[in-house]
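Here the structure is laid out as structure tokens; the discussion comes afterwards.
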Amino acid sequence: MNRAVLGVPDITCTACVETIESLFKDDEFIKIRVNLVPEKEAIVFWGPEKTTLASIRERIEDSGFGTSVLSENYETPDNYLEKRTEFQIEGMTCSSCTSTIHAALADHVLSCDISLETKTASITYNEFTISPAKIVDMIEDCGFDAKVKSAVMTTLEHVKIQVLGMVCMSCVNTIQDVLGEYTGINSVVVSLEKEEADVTFQPDLLTGPVIASHIADMGFEATVINLEQTEYLKSTFNITGMRCKSCVDKITNGENYETPDNYLEKRTEFQIEGMTCSSCTSTIHAALADHVLSCDISLETKTASITYNEFTISPAKIVDMIEDCGFDAKVKSAVMTTLEHVKIQVLGMVCMSCVNTIQDVLEYLKSTFNITVSPSKTSPSKKQFVKCSIKILGMTCASCVGNIERTISKAAGVLSIVVSLMSSRGDVIFDPSMTSAKELAAAIDDMGFEASVISTGGSNEEKLTLTVTGMTCASCVRKIELSLKKIPGISDAVVTLTTSSAVVTHDRTIIPARDIIGAVENIGFGAEIRNNTENYALLEHKDAINKWRRSFLVSLFFVIPPHNIIPGLSVENLTMFILSTPVQFFAGWKFYVAAWKAIRHRSLNMDVLIMMATTISYVYSVGIVVWAMAVATPHSPKTFFETVPMLITFISLGRWLEHIAKGKTSEALATLMKMAPAEATVVVFNNGQVEKAEVVNINLVERGDLVQVKPGEKIPIDGRVIDGKSSCDESFITGESMPVTKRAGDSVYAGAINNNGSIIVKATHVGAETNLQQIVRIMEDAQSSKAPIQQHADVIAGYFVPVVISLSLLTLIGWLIGGFKNPERVVNFAFQMAITVLAIACPCALGLATPTAVMVGTGVGYKNGILIKGGEALEKAQKIDCVVFDKTGTITYGKPTVSVFQILTSKMPKSDIIRIVGSAESQSEHPLGTAVCNYAKQELKTEVMEKISDFKAVPGSGIECTVGSKHRVLIGNRSWMTSNGLKITKDVNAMMKQHEELGRTAVLVSIDGLLCAMIAISDQLKPEAQQVVHVLQKKLGCKVVLLTGDNQITAKAIAREVGIFEVFAEVLPTHKADKVKDLQAAGKTVAMVGDGVNDSPALVTADVGISFKTGTDVAAEAADIVLMNDNLEDIVAAIDLSKAVVRRIKYNFVFASAYNVIGVPIAAGCFVPIGFSLQPWMASAAMALSSVSVVTSSLLLKKYTKPFFDNSWKKGDMLKEDEVLIQTGRNFIDKIATSLANISEKMSNGSNNIVGEKFASLPKTCEGEKNEQIARIDGTLVESRDEKEYLLLDAQNDSDSETDL
């Protein structure tokens, strides 16, 4: 058990203390005690094999409290976690029964006092290692009935302690809470006014002075006043309905609760009829004088304003007393008065308990009608940033992306913005005190794009969209909005009558969706959740596909011109003018709007080029026709009316096809999002029977609900099976098509298909918390992120449009200057070439080259069980030339298993030996014992072991016990056997040594004094490990390193077996990241592969961190690539996929660049001398198809298949001893130089010269954090005080002698 003291400076009251302690109340491996005064600290106890201090701190900090480590080796009293509990035991008949219970509990509790007469046991135990429920189970395993005793008659003592230094109720609560945790204290009542603490306690466990010292430790002065002894009956009650500390105070203090004198005062107006004179008022005064606090009677208004204590008298009683005087009286129903409204800033509130206290107290003040207290949600001293996601429609190329990013990044409060062209989404991190998500969306909308907020992070708030029925007018809308906004947990509600919808922003932890629907129904309207398919449609680009399909078909109608030509005013030109005008000003209006907004924000994009090309064509054609008509030319001039509909038609066609292709690129993500069912069957399940079943929307399922999943249905939530048996298809997570058997206690995941058998699942994660939604979120973020290579396209896109406009202008001027003799033909041809340049140039292809490939690549990776978290990781993976493996759980399975079970005798059958050994180890809690027991169950194909007795475990040696009441069994190491009188032969010793050199743990088995077996236990290698290492080294050219905290022998044995030539062993978790940095400094692009919390720093430090979904959550969060299957072959697949995607990106760039580099000169007329030129409509067709070609090129990645691993692979021979270079810890050669320099200065003899000469020949050795290095020069022990390291140098006079470290 490890222990540490954490500083928690942010706690301010007992509510904070309870919040932190509640985080670990259900964790059997973590115990925590939080002290509010005087130090604001938390004392933590934890099992190092189950968790780490860093993980504990992270859980506390996630709750909003900062932490710091004050001490990691905190010494506490041995009895700090001791607890004493009374148990009732039925079935004991003699002293043999008590001995049986004593023997069963001996190794698990601190003391056990059993009374055969009262049938009780008073047991003292460490609550960190065992619980009362476990003790009950152990007693019942002995054949007795046991339960925690609910009432104990005992002698208790009562002490009054004077406590000085308390200043507020927080001090009172702190003393009561802290003392209440001590074993032996039954009750604590602290009075702030009397400065006293009344404590009732068990004198056999505590004394009055000890209790006073505990109070003094909290920072108060405490002195014992008197001591009383009383007989008490202690009972334990289960109290439901308590919600906060205030509830506890009310129950604890009871009638001693002190309130202000006017706490129950109330003032009421009464109407009195029949009064005629002052004698009447005097009569009423006299009647009420002894019953009310004050009475003001007005003869003129015939009213009485009476103040009374509502605990002693009621308004009805006052009416009766007035009527007994002969008058008619009633409570006045309405009082016309003037009310004022005031806002008061209240500082010092820290939780909702403060809010409720202020409201409750103010409500009892006279003349106070309405009080609303709002706590501040954020500290003004800490700037907090929030991330929001915004849907952005209308982007066409990288220029649009760059325009949005440049403009929004300059907005006040915006920290960063990343816009994804492919997913039509922007992620913005901003300061909510300076701007909001709605304002940012409005700013993007003002730039010519359609923007709407998808989600806002940084809080627990969610948006719920409801379909509301029964609304008839605006009054209904207002009624619903006002009613919902009054409900705690709902921050906003927007109801729309025309769409019969309501969008409610709420905190799901405070008010779930079901309660919101219930609130709407209670008002008198119907409500149900509206299925949101917007994300699916967005990913599949359905709206954009429909939009551009309509645009293409409409424009196509105006494309085909008549061919008859009449001298004079051409019918063709007139017809084309009529046909092109609606296209120019109606179909092209969206381009005008987008272009104008872009120009207004000082940016140029694709819309500007389209607008310029169509406008120039149309205006030039109108102008030249008007001129021809004005001068009455004999023939019709050449015009470009056909360019307008042709250009817009081909652009619409290209956009239509482009969005169809884009929809295919995000197909994997869209399919994944559709995997979760829309509904779930929530049931009431009792005694193995479903009593009630209700089909509800999936968003209405809350954590803890019981959900029934029938055969063929998809599992709607993450949870644990509590009843039933079935098999589930979890291929969407594991990639394995084989169904996984599920029975009670097994975990299931949302989206998995229940193949056969009905199961009842208890929901543990719902909504966005499910495994499926987390994968969706990772893929969304990955597809929205930018690969570094995309920066080149962004830079080019920023200059592309201005350069194209300049080239178009130069083309126009060049052809006008060097044109032909016919002026009309020169002008016409120059304009044709200039328009063609505008029409053919396309930055879209460059902008789509990277994101389309990344989107398809991440989707293909997911389908192959590789979850890639972003474009940067995808690009870096193809550069990997060094792979660092963790050992435990990565190269190996991470749990010990039996490698060899060698029988050493022929006197007993092997099956009998295995059965006896497995039975003996069934009571062991050691991992090696568990491995042996599991091996026995597997070999014997049974779960039932023989009964054992007299079990004894000796740490570091072994175990002994009796199996089946006749076999005396010893299992352990050599020393354990020899200490029990057994002789180990040379052959057995050599066999054990051989296995130990392979990194295995060898133990011996003795049955009835006969040495029967030798068992070798090891952490088994994954079968594919050797082949994967071979492929990485030989085919991918990667350097492979093993990095582990395990000892040198085991690490070297594993490395020899898998073929790794370089090993770093005995490396502390904090230094693994340093090793990765050393490799990076040597010029390597490093991939770190690990699955544990201790690997997280190295995973973050590496260029690419790779973890497994089956590993720890911390490692998966820190990694850049998560492998869904626990298979090392996917590491090779991830690198290979990265190479394929980057290769495809480069192909796309080459094609997009070549298209513009070749297309623009052709459009400018450079090949006219050889008779080759383009019409504007041809250029528009080429431009439209360029983007489609790039997206189609990216879609070819869908044909990617993982590298094939030969199933006939045969394991190679182990590496030789000298082939593996093993180093321990951090390299400390540089420190040796400093140490030797210090040593040489202190030495007075000449041997220091030898040391100086020998330093150049020192072997490259490493320090090994777990081992001390000792230095001896000429037989003298030398310590380097500065470096705190020890060096062992055996310096000799012979100049050729070696220096050993």
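Summary of values
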| read-out | value |
| --- | --- |
| 1.4 Å probe accessible area per residue over region 845-903, in Å² | 25 Å² |
| Within the accessible area of region 1160-1200 (1.4 Å probe), percent carbon and sulfur | 74 percent |
| Entries in LYS391/LYS485; LYS714/LYS762; LYS1139/LYS1202; LYS714/LYS869; LYS863/LYS1202; LYS1022/LYS1139 that, when Cα-Cα distance is taken, lie over 20 Å | LYS391/LYS485; LYS714/LYS869; LYS1022/LYS1139 |
| Surface share of carbon and sulfur [accessible, 1.4 angstrom probe, percent] for region 888-967 | 49 percent |
| Packing rank of 1197-1205, 1100-1108, 962-970, where each peptide gets the mean count of other beta carbons within 10 Å, highest leading | 1100-1108, 962-970, 1197-1205 |
| Burial ranking of peptide ranges 1170-1181, 137-148 (average Cβ count within 10 Å, highest at the top) | 1170-1181, 137-148 |
| Contact order relative to length of region 872-992, as percent, for alpha carbon pairs under 8 angstrom and 6 or more apart | 15 percent |
| For region 467-528, accessible area per residue (1.4 Å probe, heavy atoms of protein chains only), Å² | 50 Å² |
| Dipole in debye (nearest 20) - region 174-214, about Cα centre, beta carbon charges: Lys, Arg +1; Asp, Glu -1 | 80 debye |
| Rounded if a/c under 1.5, otherwise prolate or oblate - region 874-951, Cα gyration tensor axes | prolate |
| Selected from GLY929, CYS1012, VAL1031, residue furthest toward positive end of dipole (region 916-1068; charges at beta carbon) | VAL1031 |
| Cα shape, region 1040-1102, gyration tensor, a/c 1.5 rule | oblate |
| Accessible area in square angstrom per residue, region 85-142, 1.4 angstrom probe | 47 Å² |
| Tensor-based shape of region 1113-1223 (alpha-carbon gyration tensor, a/c under 1.5 rounded, otherwise prolate or oblate) | prolate |
| Within the accessible area of region 1070-1129 (1.4 Å probe), percent carbon and sulfur | 46 percent |
| By average C-beta atoms within 10 angstrom, highest first, the peptides 686-694, 761-769, 271-279 | 761-769, 271-279, 686-694 |
| Neighbourhood charge, 15 Å Cβ-Cβ cut-off, centred on MET471 and excluding it, Lys, Arg +1 and Asp, Glu -1 | 0 |
| Whole-Hz ³J(HN,Hα) from phi, Karplus 6.51 cos²θ - 1.76 cosθ + 1.60, for region 1089-1104, glycine and proline x | 10, x, 9, x, 4, 5, 8, 4, x, 5, 4, 6, 5, 4, 4, 9 |
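The values are calculated or read from the model by the stated rules, or taken from the named source; none is laboratory data. Predicted, not measured: the structure shown is a model, and the values here were computed from it. Backbone-built Cβ (ideal geometry, glycine too); neighbour counts: all protein chains shown. Surface areas here come from the heavy atoms of the whole protein model, side chains and all, with no ligands, DNA or RNA. Shrake-Rupley method; radii C 1.70, N 1.55, O 1.52, S 1.80 Å.
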